[in-house]
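Before any comments, here is the structure.
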Amino acid sequence: MSNLVVMKFGGTSVEDATAINRTAGIVRGRHAKGLTPIVVVSAMARVTDQLLTAANAAGRGDRAGALAITARLRNRHLETAGALVSQQTICELTNWIDSEFDALDEVLRGLAAVGELTPRISDMVVSAGERLSSRMIAAAFAHRNLDAIYVDARQCIVTDAQHGKAIPQDALIEQRLRHYVLPHASAGRICVMGGFIGATEKGVTTTLGRGGSDFTAALVGGGLDAGSIEIWTDVNGIMTTDPRICPNALRVKTISFEEAAELAYFGAKVLHPATILPAVKKNIPVLVLNSRNPENEGTRIISLAPHCRSPFKSIAVKRRLTIIDVVASRMLMSHGYLKAIFDVFDKHKCPVDMVSTSEVSVSLTVDSNDKLPDVAADLSQLADVKYEGRKALICMVGENIRGQNGIAARVFQAIRHVNVRMISQGASEINMSFMIEEDDAEEAIRSLHNEFFGDPDPEIFDVEALRDVEALKESVR
Ligand code: ADP
Ligand code: ASP
Ligand code: MG
């Protein structure tokens with residue numbers, strides 16, 4: 001098996017000098033075991049959000065607002081760099097950080113003068129987060145005597161030109177990785193690159209969509225046939241639900257690629273939905289691990305998960321959804337009706353999450369976005385249209401729903417006090433989802449968690465952690 005391990009560190013794992021030091025320690029540990037890490041890093045926590053806000057402010061003509069944000073970001077990066085490298089090397093790094101921010105400010109001033117933000121310029125601005133973090137982290141690693149080398153991700157991650165959500169070009173990526181990364185890795189050096197960012201063949205900077213650093217890690221792992229891909233984050237792994245919603249969520253020890261992909265698609269932010277695909281193609285195990293608790297064994301995502309006593313592995317929630325009801329009595333039974341409806345969504349490049357149909361009506365759910373008025377206007381040429389926002393989709397995932405009786409009854413009994421708008425059992429038979437009001441989502445998840453994870457299977461879930469918490473509570477009493 002390949003001794004290459006792709007290690008991706010998310011925003012919280014590189015949020016400041018302390019976190020970056022921890023990251024260096026984790027990478028050193030892998031290196032000491034004879035593995036060759038290829039490190040993919042996100043922007044420092046919250047930096048991408050702030051860069052987007054700055055770009056939007058400049059696009060509206062708010063020059064001062066935009067520059068105030070980059071001034072704070074400049075300080076944060078300079079301060080972090082100062083805490084990471086010695087006096088001898090600091091000058092080179094801080095000069096470089098200053099010149100990056102000078103260039104960024106120049107772009108923002110230009111944007112504010114023109115008053116228009118294009119997706120291409122937006123990508124150029126937001127990519128700064130990963131460009132800065134990766135250089136800085138490579139320098140910090142080298143300063144800690146790790147044999148680290150910075151690689152510009154844009155040389156390797158070739159994409160199309162769909163700015164904001166660019167599609168990677170697998171064959172080219174593989175070629176580039178073999179050219180720019182493999183020779184260093186083969187010599188035992190630790191390559192450090194930014195996640196989330198790429199470039200077109202012509203070299204124009206693009207981004208892979210929010211949370212896209214996970215995707216970069218999987219592309220690198222897939223392209224170089226790595227032995228494993230590690231996603232380092234701020235929780236112990238994939239949990240039975242978002243621990244921010246349900247503090248007694250349990251770590252899932254192993255989960256199948258299919259289940260993890262379903263969870264990610266339906267809102268479990270811990271993994272980007274596209275992450276799994278390149279790994280599945282080459283059957284590379286993916287591990288989700290906690291950089292604040294590196295001893296924990298995390299979650300292992302593999303092709304075939306072992307049998308589990310409980311029907312579900314985890315509950316995800318996708319918020320900010322809108323339901324669109326299309327009612328067309330005049331189209332009753334005419335063929336081509338559904339096609340005409342979907343053509344409208346296709347025309348506006350608006351993905352649909354869930355569909356339910358009756359004789360005369362079709363209900364669809366989509367992410368709330370600014371295309372909705374145009375979509376509704378086109379649909380109203382075909383039928384009567386109503387749309388309603390602030391909905392949430394709850395998605396319960398598990399391979400063991402297949403062939404088990406009475407599961408739906410248990411689900412809806414547990415949330416009997418909640419108004420359920422649409423229900424679907426996915427064609428893959430490993431998810432059961434339904435749409436409710438956004439305000440009801442957290443309460444519903446806690447009720448479902450109590451119902452289905454009250455007696456967890458110790459083969460699959462980390463029940464020891466639960467016992468530790470109980471013992472701690474007992475000792476405090
Ligand atoms: P990173 O910056 O490392 O990419 P993210 O914030 O994107 O981290 O993802 C980690 C967060 O995902 C966790 O802090 C947690 O709140 C959230 N999350 C949502 N669903 C789950 C789940 N099922 N298991 C674990 N974490 C989850
Ligand atoms: N920095 C990017 C984001 O916040 C990518 C990532 O963190 O995965 O979306
Ligand atoms: Mg993430």
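The values are calculated or read from the model by the stated rules, or taken from the named source; none is laboratory data. None of the values given here were measured: they were computed from a predicted structure. Cβ sites come from the backbone with ideal geometry, for glycine too, and all protein chains shown count toward neighbours. Keep in mind that these areas ignore ligands, DNA and RNA; they rest on the heavy atoms of the full protein, side chains included. Shrake-Rupley method; radii C 1.70, N 1.55, O 1.52, S 1.80 Å.
One chain, two ends: V420 and V327. Fully extended at 0.36 nm per residue, the span grows by 31.5 nm beyond their Cα-Cα distance.
Dipole magnitude for the chain: computed about the Cα centre from +1 point charges on Lys and Arg Cβ and -1 point charges on Asp and Glu Cβ, it is near 560 debye. Projecting the alpha carbon convex hull of segment 3-45 along each direction and taking the average yields 2.5 nm².
Across segment 36-75, Cα-Cα pairs farther apart than 16 Å form 41% of the total. With a simple spin-label model that places each label point 7 Å from the Cα along the Cα-to-Cβ direction, the separation between D374 and S358 comes to 3.2 nm. Distance between the pseudo-spin-label points of K33 and Q175 (7 Å out from Cα toward the beta carbon): 3.5 nm.
The residues of the chain expose, per residue, 44 Å² of accessible area to a 1.4 Å probe.
Note the per residue figure in Å³ for the convex hull of the C-alpha positions in segment 406-468.
On the way: hull volume 7.2 nm³, N = 63.
Enclosed volume per residue, from the Cα hull, is 114 Å³.
For the listed residue pairs K269/K386; K165/K386; K313/K371; K165/K371; K33/K281; K349/K386, the alpha carbons are over 24 angstrom apart in K269/K386; K165/K386; K313/K371; K33/K281.
Summary of packing: across the peptides 264-275, 292-303, 386-397, the per-residue average of other C-beta atoms within 10 Å ranks them, highest first, as 264-275, 386-397, 292-303.
Compactness of segment 155-309 was expressed as the Cα radius of gyration divided by 2.2 N^0.38 Å, which yields 1.07. Estimated translational diffusion coefficient (Stokes-Einstein, Kirkwood radius over Cα pairs, 37 °C, 0.692 mPa s) of segment 134-197: 262 µm² per second. For segment 127-142, the residues whose amide N sits under 16 Å from a probe point set 7 Å from the Cα of T94 along the beta carbon direction are 136, 140.
Ellipticity at 222 nm from helices only: DSSP H runs of n ≥ 4 in the chain, each -39500 (n - 2.57), divided by the residue count, give -13000 deg cm²/dmol. Farthest towards the positive end of the charge dipole of the chain, among the residues L277, S356, Y150, is the Cα of Y150, using unit charges on the Cβ of Lys, Arg, Asp and Glu. Carbon-plus-sulfur accessible fraction, the chain (probe radius 1.4 Å, protein heavy atoms only): 51%.
Annotation for segment 23-51 versus segment 128-150: alpha-carbon center distance of 9 Å. Hydrodynamic estimate: the Kirkwood radius of segment 309-433 over Cα pairs, inserted into Stokes-Einstein at 10 °C and 1.306 mPa s, corresponds to D of 100 µm²/s. Pair-distance distribution P(r) for segment 236-363, from all Cα-Cα distances in 10 Å bins starting at 0: 11, 32, 24, 19, 11, 2, 0 percent.
Legend: translational diffusion of the chain by Stokes-Einstein, Rh = Kirkwood radius over C-alpha pairs, 20 °C, 1.002 mPa s; D = 89 µm²/s.
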